[in-house]
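The values are calculated or read from the model by the stated rules, or taken from the named source; none is laboratory data. Computed from a prediction, not measured in an experiment: that's the story for all the values here. So basically every Cβ, Gly included, is an ideal-geometry build from the backbone, and we count neighbours across all protein chains shown. Quick note on the areas: whole protein, heavy atoms, side chains included, nothing else; ligands and nucleic acids left out. Shrake-Rupley method; radii C 1.70, N 1.55, O 1.52, S 1.80 Å.
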Amino acid sequence: MIKSISNRRSIRKFKDTAIPKEMIEEILNAGRLAPSSKNRQPWKFTVVSGHSKNDMLLSMKQGLLREREGVPQLPNSKQHLAGAEYTLEIMEQAPITVFVTNPLGIELSDHLNQEDRIYEICNSQSIGAAMENMTLTATELGLGSLWICDIYFAYEELSRWLNTEGTLTAAMSFGYSDECPRPRPRKNMEDVVEWRV
């Protein structure tokens, strides 16, 4: 597993090659087997490919257009909008995008009390574990992946299109890599680890 951790990269160029359904099922199963707080398993996976991909991309485009020309949901993140538009191009290339919704999630607009906020943090950690399992499994299978947070620029539009119970939490695109990016810099161990003995 450490080899997959070391070899995993965020892929932004994908080949136009279909992925066998069995491989996607193996990736999804890895996500399903992740640990979760109180075993709540706060995830539902929606696999988007084929004709559905066009509708998903249209929803993403509509959200990005609203952010640029209408009433933005993320007004203080305008400097990242060009990056989100680039992410849309990557999603167009990737044969598969998986959206993760949290059936237990609380809407972004809701005000949270302290206990609800803790539940949301715990559920987010659980979903992060599922996503990590998925990206590492993809690496083991010889696939590339891109963990996508730019979906929040089109949160309303994508949530409406997904039309599934819960809150949209994450997305990841998968495909055969058409690039070999170098590893990105990481902080040194001494900068991130504090030993207390």
Legend entry - Number of the condition not met by residue 101 [criteria: (1) buried (at least 18 other Cβ atoms within 10 Å of the Cβ); (2) over 17 Å from residue 155 (Cα atoms)]: (2)
Inset, instruction - State whether the residues of region 69-83 include one that is surrounded by 11 or more Cβ atoms within 10 Å (Cβ to Cβ), in contact with a Leu (Cβ under 9 Å, 6 or more places away or on another chain) and assigned to a helix (DSSP H, G or I). - result: yes
Legend entry - Hey, residue 64 part of a helix (DSSP H, G or I), open to solvent by less than 60 Å² (accessible area, probe 1.4 Å), closer than 16 Å to residue 148 by Cα and free of Cβ contacts under 8 Å to residues at least 60 places away in the same chain or not: no
Inset, instruction - Test residue 22 against the stated conditions and say whether it is out of contact with any helix residue (DSSP H, G or I) (no Cβ under 9 Å at 6 or more places or on another chain) and either surrounded by 16 or more Cβ atoms within 10 Å (Cβ to Cβ) or at pLDDT 95 or above (or both). - result: yes
Inset, instruction - With the checklist (1) among the β-branched types (Val, Ile, Thr); (2) surrounded by fewer than 21 Cβ atoms within 10 Å (Cβ to Cβ); (3) at pLDDT 90 or above in hand, flag the one item residue 169 doesn't pass. - result: (2)
Legend entry - Pick from region 107-152, criterion assigned to a helix (DSSP H, G or I) and β-branched (Val, Ile, Thr), ranking: nearest to residue 25 (Cα to Cα): 137
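Matching residues to (1) within 22 Å of residue 87 (Cβ to Cβ); (2) more than 18 Å from the chain's Cα centre (by Cα); (3) not hydroxyl-bearing (Ser, Thr, Tyr):
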site: 153; (1), (2), (3): yes, no, yes
site: 162; (1), (2), (3): yes, no, yes
site: 170; (1), (2), (3): yes, no, yes
site: 181; (1), (2), (3): yes, yes, yes
site: 184; (1), (2), (3): yes, yes, yes
site: 187; (1), (2), (3): no, yes, yes
site: 192; (1), (2), (3): no, yes, yes
Inset, instruction - Answer yes if at least one residue in region 180-193 is touching a residue at least 60 places away in the same chain (Cβ under 8 Å) and open to solvent by less than 70 Å² (accessible area, probe 1.4 Å), and no otherwise. - result: yes
